[in-house]
Amino acid sequence: MPAFRSNHEFKWEIPAKMVRALPMALGFLSAALASPERLRPIEPGARWVDDQGIAINAHGGGFLLHSGRFYWYGQHMVAGDAGNSAQVGVHAYSSVDLCEWHDEGIALAVSPDPKSEIVKGCLIERPKVIFNSQTGEFVMWFHLEEKGRGYSAAEVGIAVAEEPAGPFRFVKGLRPNAGHWPRNVPENSKRPLSPGERARLSGIAMSGGPIADFPIDLVYRRDFESGQMSRDLTLFVDDDGAAYLVTASEENATLQISRLTGDFLNVTGDFVRVFPNGFNEAPAIFKRRGRYFMFTSGTTGWAPNACRLAVADSIWGPWKPVGNPCVGTAEQKGTTFGAQSTYVLTVPGRANRYVFMADRWKPENPIDGRYIWLPLRWRDDLPVLEWTDSWIPTLGPD
Ligand code: GAL
């Protein structure tokens, strides 16, 4: 019996909160109640097939719980060199128990039109979907790069759908917060670059990773008019229904957190810079007991590096780095178990149940990338990530 599972006995105490959320939780609950012993365990890093026996193809994933079903949206990769670019689109799967996944097809398809921003061969990465209860729309944000321009466009793409599995309709691509200054910079920094600063900046080769003397106070000012760069991203909906974009910006040097408009189709212009010159990417954010937690990675492309954890009492920060949450061997800690964060799923009705989700990328054959899902354990109110070969996300209390 897997180590994790033995710590989690079935104790069916249904909290009042869950009773109120019963319709939503019902699918999950009934699946778990019906056959907890028959659930197929999650095996981090193993080949994972859907309910038809076909390998799940949803990398850099985002998750949504809607009407008792979990939805998994991810990059559909193909074999070989071209596989890292968007040849097909965003693939969706659904599940009631997180173990058994049903193929819902391509939720957002690339376009055959060479003039489309999402033409086949562009980059569509890290799709995330949230539901807007005001508009009744499902809204997808993803990292969008124009075909043939590498990672230089650094935009977000936004798409909407009437149903959780789509089809999603592409709305627009943009660079966030054009014409707005971050909340947390001094007033005297809120000015465009001088010709001298512009010349200095244009002489520096940016790699997307740390470089010596990174011009940390120049890049967001350079991008004031065009909008801020946005690469790895995630979305977060707070308890009050406000939604936020968390994104690797400023040539990957600085995270930016931006509040979305009420329809979730744009940013408001209200944003903060987080960890300037920290070179964080792959953000995955969640909230527990009023506190915000954010996992990130360093910036080493497809190659894994050590996970980082930060905490805050407000989404706007200040964010406090609290180190590497991984325990285990030096190799496991140094590489986040060979993976890079993409999402933390909160399972409602169980205040203490969070699933860390990450990708073990295979850039040489991207279709074979693997999914590393680990249940969060808690130590001194901080999450800890520990390897387990196999586990079942039951509804038992933490
Ligand atoms: C990683 C990023 C991935 C992908 C990759 C390309 O740093 O997290 O989503 O963009 O770089 O090299």
Point to revise | Every residue from the stretch 142-166 that is out of contact with any Gly (no Cβ under 7 Å at 6 or more places or on another chain), within 14 Å of the ligand (Cβ to nearest atom), open to solvent by 50 Å² or more (accessible area, probe 1.4 Å) and not charged (D, E, K, R) | key: Ser152
Check your understanding: Quick one: would you say Val139 is more than 16 Å from the ligand (Cβ to nearest atom), within 24 Å of Leu245 (Cβ to Cβ), out of contact with any Gly (no Cβ under 9 Å at 6 or more places or on another chain) and in contact (Cβ under 8 Å) with a residue 12 or more places away in the chain?
Key -> yes
Review point. Listed residues Phe142, Phe138; which is out of contact with any Cys (no Cβ under 9 Å at 6 or more places or on another chain) and under 18 Å from Thr342 (Cα atoms)?
Key: Phe142
Exercise for review: Evaluate the following for His180: is it at pLDDT 95 or above and within 16 Å of the ligand (Cβ to nearest atom)?
Suggested key: no
**Study point:** Number of the condition not met by Arg273 [criteria: (1) part of a loop (DSSP other than H, G, I, E, B); (2) touching a strand residue (DSSP E or B) at 6+ places or on another chain (Cβ under 6 Å); (3) over 30 Å from His66 (Cβ atoms)]
**Key:** (1)
Check your understanding: Is the stretch 59-77 home to any residue that is farther than 26 Å from Ile285 by Cβ, open to solvent by less than 10 Å² (accessible area, probe 1.4 Å) and small (Gly, Ala, Ser)?
Key -> no
Point to revise | Single unsatisfied condition, Phe264 versus (1) within 16 Å of the ligand (Cβ to nearest atom); (2) of a type in the set (A, V, I, L, M, F, W, C); (3) farther than 28 Å from Leu218 by Cβ | key: (1)
Check your understanding: Does Arg183 meet the test of being touching a strand residue (DSSP E or B) at 6+ places or on another chain (Cβ under 9 Å), farther than 30 Å from Val119 by Cα and among the charged types (D, E, K, R)?
Key -> yes
Check your understanding: Only one residue in Tyr354, Tyr343 is among the hydroxyl-bearing types (Ser, Thr, Tyr), in contact with a Gly (Cβ under 8 Å, 6 or more places away or on another chain) and surrounded by 18 or more Cβ atoms within 10 Å (Cβ to Cβ). Which one?
Key -> Tyr343
Practice item. Please give the number of the condition Phe131 fails out of (1) open to solvent by less than 50 Å² (accessible area, probe 1.4 Å); (2) under 24 Å from Ala284 (Cα atoms). Key: (1)
Practice item. Among the residues of the stretch 305-324, write down those that are in contact (Cβ under 8 Å) with a residue 40 or more places away in the chain and either over 12 Å from Ala358 (Cβ atoms) or among the β-branched types (Val, Ile, Thr) (or both). Key: Leu309, Val311, Ile315, Trp316, Gly317, Trp319, Pro321, Val322
Study note, to complete from the structure: Across (1) in contact (Cβ under 8 Å) with a residue 24 or more places away in the chain; (2) within 16 Å of the ligand (Cβ to nearest atom), Ile211 clears everything bar (1)
Exercise for review: May I ask you to list pairs of residues, at least six apart or on different chains, whose Cβ atoms are under 8 Å apart, with the first in the stretch 293-304 being in contact (Cβ under 8 Å) with a residue 24 or more places away in the chain and open to solvent by 10 Å² or more (accessible area, probe 1.4 Å) and the second being in a strand (DSSP E or B) and more than 10 Å from the ligand (Cβ to nearest atom)?
Suggested key: Pro304/Arg360
Revision key, fill the gap. Among strands (runs of 3 or more DSSP E) entirely inside the stretch 290-362, those with 2 or more residues being within 12 Å of the ligand (Cβ to nearest atom) are 291-297, 340-346, 354-360
Check your understanding: Which of the residues belonging to the stretch 80-124 are modelled with pLDDT under 95 and under 27 Å from Ala303 (Cβ atoms)?
Key -> Gly80, Asp81, Ala82, Gly83, Asn84
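The values are calculated or read from the model by the stated rules, or taken from the named source; none is laboratory data. What you see is a predicted model, and the numbers here were worked out from it, not measured in a lab. Quick reminder, even Gly has a Cβ in these numbers, built from the backbone with ideal geometry, and neighbours come from all protein chains shown. To get the accessible areas, we keep the full protein, side chains included, count just its heavy atoms, and leave off ligands, DNA and RNA. Shrake-Rupley method; radii C 1.70, N 1.55, O 1.52, S 1.80 Å.
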